[in-house]
Amino acid sequence: MLFILWLMISVFTIPGLIASFASVQEWQVNGSVGFFKYFFKKWFDFLKNYRLNFGLGLLASMFILLNKFTVGDPQWHMAVLIFTFVYCMVLVATSFQIATGKYENILTLFVEKPFPLILSVIVFSILILMNFVLQLAFLSVICSVSLPTYLSYRLLGGQVAKKD
C-alpha cells in the first residue's frame, strides 16, 4: 500500500503541483490560456524529472508512515507533524521555484518570504483537507489545487503583470 502511495505521489501529485504553478504563471503573464491543455503539457514535462519526483514522493510516504506509527505518543507525533509541515514548505517552495524560475534556489525563497510561505502551506492544507473531508471526486481534488496554487503564487511574489 505504501509503495502504491509513493508512486501516486511521485507520478501525479508532485509533477501536478509544479505544473499547476507553471499554469498559473502562464495565465498571469500571458492572459487567457487553455489551462488544462497547458497544465497537462507541463505535467508531462515535469514528470521527466523523476529523481526529484520520486525523492520528494518517498519523503512524503515516509512522513505518512511515521504519522501512522506515532499516533499513540503525543511528543513523537507532534515532532513528526512539525517535520511534515516543514516538508510541505519545502514542497511548495520547490514547486514554485521550478515552475517560475524566480529564485535561484529554495533557500533564497525561505529567507526572503518565510511568512508568506508558511501562510501558503496553511492555505494549501486547509483547502486540500476540505476536499478530503467532503469526499469529493479525484478530479475535483486535482482541479482544486488551482485555487491554493494561485493564492500561493500571489503570496510568494509571482509575476502578475501581463506581457504586451
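Remarks
- Applying the criterion of being β-branched (Val, Ile, Thr) and free of Cβ contacts under 8 Å to residues at least 40 places away in the same chain to the residues of region 64-88, the residue that is surrounded by the most Cβ atoms within 10 Å (Cβ to Cβ) is VAL80.
- Put simply, of TYR103, TYR38 the only residue that is open to solvent by 40 Å² or more (accessible area, probe 1.4 Å), of a type in the set (Ser, Thr, Tyr) and at pLDDT below 90 is TYR38.
- Condition check for LEU52: more than 15 Å from TYR153 (Cα to Cα) and not β-branched (Val, Ile, Thr): yes
- Filtering region 72-102 to residues that are more than 20 Å from ILE18 (Cα to Cα) and either in contact with a helix residue (DSSP H, G or I) (Cβ under 6 Å, 6 or more places away or on another chain) or in a helix (DSSP H, G or I) (or both) leaves PRO74, GLN75, TRP76, HIS77, MET78, ALA79, VAL80, LEU81, ILE82, PHE83.
- Out of SER61, SER10, sole residue that is out of contact with any Gly (no Cβ under 9 Å at 6 or more places or on another chain), part of a helix (DSSP H, G or I), buried (at least 18 other Cβ atoms within 10 Å of the Cβ) and not acidic (Asp, Glu): SER61
- GLU112 meets all of the listed conditions (1) under 17 Å from ARG154 (Cα atoms); (2) surrounded by 14 or more Cβ atoms within 10 Å (Cβ to Cβ); (3) among the charged types (D, E, K, R) but one, namely (2).
The values are calculated or read from the model by the stated rules, or taken from the named source; none is laboratory data. In this text, all values refer to a predicted model and were calculated from it rather than measured experimentally. Quick reminder, even Gly has a Cβ in these numbers, built from the backbone with ideal geometry, and neighbours come from all protein chains shown. What goes into the accessible areas is simple: the full protein's heavy atoms, side chains included, and nothing from ligands, DNA or RNA. Shrake-Rupley method; radii C 1.70, N 1.55, O 1.52, S 1.80 Å.
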